[in-house]
Amino acid sequence: MTRENLTSGKNDIEFISRTMGGELKLAAHLYIPEGFDQDKKYPAVVYSGPFNQVKEQTGAVYGKQLAERGYVTIVFDHLGYGDSEGEIRNDENSFVKIESIRDAVSFMGTLSFVDREKLFGLGVCASGGYMALVATTDKRLKAIASVSGMMGNQASYFETMDRETITGLIAAQNAGRQRAYETGEIEYVDALGIEAEAEAIKKGATPSEGYDYYMTARAGAETYPNYSHLSPSFMLEAPMLADATSYAHYLYTPFIGIVGETAMDPASGALCTGPLTKTFFDNASEPKKFVEISGASHVSLYDIQGDVSRAVDAMDAFFKKHGGAKKAPAQTAAE
């Protein structure tokens, strides 16, 4: 990629990941603001998306809207996903994804038109937690945002299951890893239970908002062929350990957590993930801000333009306030 090749809007690029010790190519879209001038400096965002998504899904919606507000934004396929290299496909290995986010931050730092003092991170759903973990020990990111953030995997697994249930789930994951090691072949499974839901829908059940997003033309494989709802049978071993809330007090990077209103309410019938972001927010260091998008749900913040616009407006204002800050604010009150 050269600067001369870049144009306003979406640009197909590649950058190098050194996560696995060698050099692997990560495929990305770099969204460039209108009227791009290669000799100017622009604020920038590193985006990382929900569980198992590829860059053409939620990332495309946020990349476009952030570019419209003046941000150079990178949206990429993690190792093993989409158009990127990586032998184990569609593996939600939190720690590999965390390292790929760091690779993207490094790559953005090489671009002469990126203002390093205004380099931000955005994580959606599972990547809300990943981005927060990255930012805890990567101060190249000057502020971060989560949208529908799954920030506390300890709460999602260990605190919601009894000992017998969680150890049984872990044993099943371990057995999948053992089979893969012995046979050299990876078994892929429906980690989200979407296929079981499809059978229930045939019998009259109402589709969940996750099913409506991932298993229809809205954002499923028929529209984005690189997407798959299947994951390696040992996939959950790593996410169970990736608990951003455990480190929230030590973040020391400005944080804005954005959730849908209905995601805060267990009675709404929608994915009730908002409390995970709220708990992280309550424990996070200053400065911080918590935003509920009225009428929005966990999944509507993936691609419903009006809801996404309000989320982007909120993070834009937060990034503008905290980008380039040289001195940590007093630890007294939330923004």
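Read the figures in this text as sums done on the coordinates, not as results from a lab. Because the structure is predicted, anything quoted here is derived from the model rather than measured. Please note: Cβ atoms are built from the backbone with ideal geometry, for glycine as well, and neighbour counts cover all protein chains shown.
General observations
- For the chain, the dipole from Cβ point charges (+1 on Lys and Arg, -1 on Asp and Glu) about the Cα centre works out to 1300 debye, to the nearest 20.
- Positive dipole terminus of the chain, leading residue within ILE32, TYR188, ALA296 (C-beta point charges): ILE32
- Rounded to the nearest 20 debye, the dipole magnitude of the stretch 163-237 is 80 debye, with +1 charges on Lys and Arg beta carbons, -1 on Asp and Glu beta carbons, and the Cα centre as origin.
- With the charge dipole of the stretch 1-75 set up from +1 on Lys and Arg Cβ and -1 on Asp and Glu Cβ about the Cα centre, the Cα lying farthest toward the positive end among the listed residues PHE51, ALA67, ILE13 is that of PHE51.
- Each peptide among 123-129, 279-285 gets the average number of other Cβ atoms lying within 10 Å of its residues, and from highest to lowest they stand as 123-129, 279-285.
- Relative to the longest principal axis of the Cα atoms of the chain, the long axis of helix 305-322 lies at roughly 50 degrees.
- The Cβ shell under 14 Å around SER309 holds other residues with a net charge of -2, Lys and Arg each +1, Asp and Glu each -1.
- The distance linking the stretch 7-54 with the stretch 61-138 is 8 Å (Cα centroid to Cα centroid, whole angstrom).
- Mean separation of Cα contacts under 8 Å (6+ apart) over length of the chain, as relative contact order %: 17 percent
- Per residue, the average separation of C-alpha pairs within less than 8 Å and at least 6 apart gives the stretch 163-237 a relative contact order of 46 percent.
- Other residues whose C-beta falls under 15 angstrom from the C-beta of THR167 contribute a net charge of -3, scoring Lys and Arg +1 and Asp and Glu -1.
- Fraction of antiparallel bridges per DSSP, the stretch 18-108 only, in percent to nearest 5: 50 percent
- Most to least packed among 215-225, 48-58 [average Cβ atoms within 10 Å]: 48-58, 215-225
- Bridge type composition, the chain - antiparallel percent by DSSP, nearest 5: 40 percent
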